[in-house]
1. What's the total number of residues in the range 102-115 that are surrounded by fewer than 18 Cβ atoms within 10 Å (Cβ to Cβ) and part of a loop (DSSP other than H, G, I, E, B)?
2. Do any residues in the range 228-244 that are over 17 Å from ALA173 (Cβ atoms) have Cβ atoms under 6 Å from those of residues that are polar (S, T, N, Q), where the two are at least six apart or on different chains, and which pairs are they?
3. Within the range 28-76, how many residues are acidic (Asp, Glu) and modelled with pLDDT of 95 or more?
4. Considering each residue of the range 45-65, count those that are without any contact (Cβ under 8 Å) to a residue 24 or more places away in the chain and either over 19 Å from CYS12 (Cα atoms) or assigned to a helix (DSSP H, G or I) (or both), and give that number.
5. With the requirement that a residue be touching a residue at least 60 places away in the same chain (Cβ under 8 Å) and in contact with a strand residue (DSSP E or B) (Cβ under 7 Å, 6 or more places away or on another chain), what does the range 181-202 give you?
6. Working carefully through the options THR196, THR149, find the one that is surrounded by fewer than 21 Cβ atoms within 10 Å (Cβ to Cβ) and of a type in the set (Ser, Thr, Tyr).
7. Quick check on the range 171-180. Is at least one of its residues charged (D, E, K, R), open to solvent by 40 Å² or more (accessible area, probe 1.4 Å) and either touching a strand residue (DSSP E or B) at 6+ places or on another chain (Cβ under 8 Å) or touching a residue at least 12 places away in the same chain (Cβ under 8 Å) (or both)?
Amino acid sequence: MPHHAPPVGAPCWFELSSTDPARSQAFLHAVFGWEAESMDVGDAGSYAFLRNANGTVGAVGGMPPGTEGAPSYWGVYFASANVDASVAAAASAGASPFGEPFDVPGHGRGAVLADPGGAMFNVWQSAAMDSGDFTMFEDFSVGWVELATRDVDRAKRFYGDLHGWTFSESTNAPPGTRYAEYAVGGTRYGGLLQMTAEWGDLPEHWSLYVIVPDLDVALSAIDVAGGRITVPAFDAPGVGRIARIDDPTGAGLYLVELAA
């Protein structure tokens, strides 16, 4: 896939905040072959860009200030033309900003929020016209970004207004499960999954799906690398085979081997 700046409203960056960045990097290299290129970010410690064979798929760093005691987690950033305007619009629609927007000199401006259902997400305004070699939708990169929510209609209103998404109801959802796919500029980036009673009190949250060419091969590396399989492989009709894993620090990802 061509490497270019994602359009406004689309997922544009994926970031692992880890309690042990070095251990997470080693795990991601063993399972996906991702190479880490570290940079010094001063008092914040190290920050490593993660690359597959063709480009940059995301990054891993330490836990942000104020998250002491929290488990490792993957975060998603959505592209914004103006972060401050996005934060104001999100807040007026029921979101909760976490602190003020922040600048990363030479790279851009971002902000952290919780949507009206409590799911954490980020907005990002790039300082550059192009995001270099950031890549999605290929083997060993993120190919789907999914919100688990208890109110699909509320999420559609919020994110549709904020990011300009268009929606279509999925025909591949299991019986009794609602699933709405979202798109930016005609490209589908992910979906909104209706949480049911079986989810218990699990908070609403965003999840990433990494495309793998052979799910069984990828899963065979999990235990050896120190992670664990939290949802065994299952068939998703019309999509492919899916499993969920945790890295050694507890950060979760879905793996998907796409159907032909």
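The values are calculated or read from the model by the stated rules, or taken from the named source; none is laboratory data. In this text the structure is predicted, and so the values were computed from the model without any measurement. Cβ: placed from backbone, ideal geometry, glycine included. Neighbour counts: every protein chain shown. Ligands, DNA and RNA are excluded from the accessible area calculation, which covers all protein heavy atoms including side chains. Shrake-Rupley method; radii C 1.70, N 1.55, O 1.52, S 1.80 Å.
1. Residues that pass the stated criteria total 3.
2. ARG244/THR230
3. First, the residues of the range 28-76 that are acidic (Asp, Glu): 35, 37, 40, 43, 68.
So of that shortlist, the ones also modelled with pLDDT of 95 or more come out as 35.
Of the residues in the range 28-76, 1 are acidic (Asp, Glu) and modelled with pLDDT of 95 or more.
4. Selection size over the range 45-65: 1.
5. Going residue by residue through the range 181-202, those that are touching a residue at least 60 places away in the same chain (Cβ under 8 Å) are 184-185, 187, 189-190.
Selection gives TYR189, GLY190.
6. Details: THR149 fails: surrounded by fewer than 21 Cβ atoms within 10 Å (Cβ to Cβ).
The conditions single out THR196.
7. Step one: filter the range 171-180 for residues charged (D, E, K, R), giving 178.
Filter once more, so that each one left must be open to solvent by 40 Å² or more (accessible area, probe 1.4 Å): 178.
Next, only the ones that are either touching a strand residue (DSSP E or B) at 6+ places or on another chain (Cβ under 8 Å) or touching a residue at least 12 places away in the same chain (Cβ under 8 Å) (or both) stay: 178.
Taking every residue of the range 171-180 in turn, at least one turns out to be charged (D, E, K, R), open to solvent by 40 Å² or more (accessible area, probe 1.4 Å) and either touching a strand residue (DSSP E or B) at 6+ places or on another chain (Cβ under 8 Å) or touching a residue at least 12 places away in the same chain (Cβ under 8 Å) (or both).
For every residue, the table says whether it meets (1) among the hydroxyl-bearing types (Ser, Thr, Tyr); (2) assigned to a strand (DSSP E or B).
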position: TYR77; (1), (2): yes, yes
position: ASP84; (1), (2): no, no
position: ALA90; (1), (2): no, no
position: LEU147; (1), (2): no, yes
position: SER168; (1), (2): yes, yes
